[in-house]
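Enquirer: The following block contains the structure, expressed as structure tokens.
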Amino acid sequence: MADQAFVTLATTDNYAKGAMVLGRSLKNHNTSRKLVALIGPNVSEPSRAVLHKLYDEVRLVDVLDSGDAAHLALMKRPDLGVTFTKLHCWTLTEYSKCVFLDADTLVLSNIDELFEREELSAAPDPGWPDCFNSGVFVFRPSNDTYEKLITACSENGSFDGGDQGVLNSFFNNWATADISKHLPFIYNLSSIAIYTYLPAFKQYGRDAKVIHFLGKVKPWDYTYDTTSKTIKGQSLDPSDLYPNYLLQWWELFSSSVLPPMKEEYGEQPFHSGCTESDVHVEVAQMHISHQPPPPQISSQERKQQWEQGQADYMGMDSFDNIAKRLDSFLK
Ligand code: UDP
Ligand code: MN
């Protein structure tokens, strides 16, 4: 079991915060496997130091510097930078089997049983269930597979612009070949599914083992007040707080990640004389680029975005709005 590992990836300090919470959540549920974080060169020294405390191995993956096939491929497809970095997980050949988890996932119970599965096991994507979602998958590191993936990626690109498109094209019989490679949805539960099929969520959601904060707004984009234990954010929709996964992420962040972060960053980034909760909010907000509110767009543009898979699930295209629209058509 020493040759099996959970693997994640962070190329920025923000995603590193996600990786820290994820690492903590795996440890809290007593995993017996190793923890590996792949990081990009832009992750700061203090963040690396905190990751070292939580992960058995923190490996720098510098695609630009690697001089291998990925570097050459990246010259042709600079848009696929993070994708090539994620594919590097196949080079972890000192491990015989691994489970990849996106940095925006949170583990709610022990999931070591995933190592009983074979490559490539993953859960269906809520948007197109014949594709697997690449936020959680079981794989076998292999230089041979790695090179084939890089070649496929540089030759064919990615139909969705990211790693999920590449991996689904490569492991293209996932949907039909072997049902044991279909992970139950509770190993990659995304909030989108909660809104699109609420009765199923009410029935099965309590069994959730891995929460995936898929989409544009990530847990670290919100702010959290440690005194009142509440979440604030420009884009906060009341439904974001149901169920309380976001709160669970923040509780873990403030209780287990902030203390070592404060140690590593020192007091320097903080104003003097601010309250404990201000400090927390401030560390949380370090390196955050605020997203401006979405511009008002025409219904034609919205239709286009919807067709390109960019539905505004929390806003205009929320379940409530769609239901209202349907009701008005039916009347
Ligand atoms: N990632 C990263 N830096 C980035 C974007 C993505 O390190 O700038 C990694 C990170 O592990 C992240 C994963 O790639 O969880 C997939 O991206 P993301 O979770 O944002 O995509 P989504 O799940 O929302 O489709
Ligand atoms: Mn993700």
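Bear in mind that the values in this text are calculations on the coordinates, not laboratory data. Model, not experiment: these values are computed from the prediction. Every residue, glycine among them, receives a Cβ derived from its backbone with ideal geometry; neighbour counts consider all protein chains shown.
Enquirer: Kindly rank 193-204, 254-265, 14-25, 116-127 from highest to lowest mean number of other beta carbons found within 10 Å of each residue.
Expert: Result, highest mean Cβ count within 10 Å first: 14-25, 116-127, 254-265, 193-204.
Enquirer: What net charge do the residues around Glu147 carry, taking every other residue with its C-beta under 13 Å from that of Glu147, with Lys and Arg at +1 and Asp and Glu at -1?
Expert: -2
Enquirer: Next up: For an R0 of 30 angstrom, estimate the FRET efficiency from the Cβ-Cβ distance between Lys229 and Trp128 and round to the nearest 0.05.
Expert: 0.25
Enquirer: Using Cβ counts within 10 Å as a stand-in for footprinting exposure, how do Lys148, Lys86 rank, fewest first?
Expert: So the ranking, lowest neighbour count to highest, is Lys148, Lys86.
Enquirer: Can you work out the FRET efficiency for the pair Thr151 and Lys27, with r the C-beta to C-beta distance and R0 = 35 Å, to the nearest 0.05?
Expert: Once rounded, the FRET efficiency stands at 0.45.
Enquirer: On to the next question. Less than 12 Å from a label point 7 Å out along the Cα-to-Cβ axis of Asp79: which backbone N atoms in region 153-195 qualify, by residue?
Expert: Those under the cut-off are 157-162.
Enquirer: With a ≥ b ≥ c the root eigenvalues of the C-alpha gyration tensor of region 172-261, is it rounded (a/c under 1.5), prolate (a/b larger than b/c) or oblate?
Expert: Prolate is the answer for region 172-261, as a/c is 1.5 or above and a/b outweighs b/c.
Enquirer: Looking at this model, which pairs from Lys34/Lys86; Lys97/Lys148; Lys97/Lys216; Lys181/Lys209; Lys34/Lys209 are more than 27 angstrom apart at the alpha-carbon?
Expert: Among Lys34/Lys86; Lys97/Lys148; Lys97/Lys216; Lys181/Lys209; Lys34/Lys209, the Cα-Cα distance tops 27 Å for Lys97/Lys216.
Enquirer: Mind running the shape call on region 80-155? Use the C-alpha gyration tensor, a ≥ b ≥ c as the square roots of the eigenvalues: rounded below 1.5 for a/c, prolate if a/b tops b/c, oblate otherwise.
Expert: oblate
Enquirer: Could you give the length gained on full extension between Leu72 and Lys53, defined as 0.36 nm per residue of separation minus the Cα-Cα distance, in nm?
Expert: 3.5 nm
Enquirer: With the contact rule set at Cα under 8 Å and sequence spacing of 6 or more, what percent relative contact order holds for region 29-109?
Expert: It comes to 26 percent, rounded to a whole number.
Enquirer: Identify the residues of region 39-55 with backbone N under 15 Å of a label point that sits 7 angstrom from the Cα of Leu64 along the Cα-to-Cβ direction, or state none.
Expert: 40-44
Enquirer: Go through Lys17/Lys202; Lys202/Lys232; Lys27/Lys229 and tell me which ones have a Cα-Cα distance over 27 Å in this structure.
Expert: Lys17/Lys202
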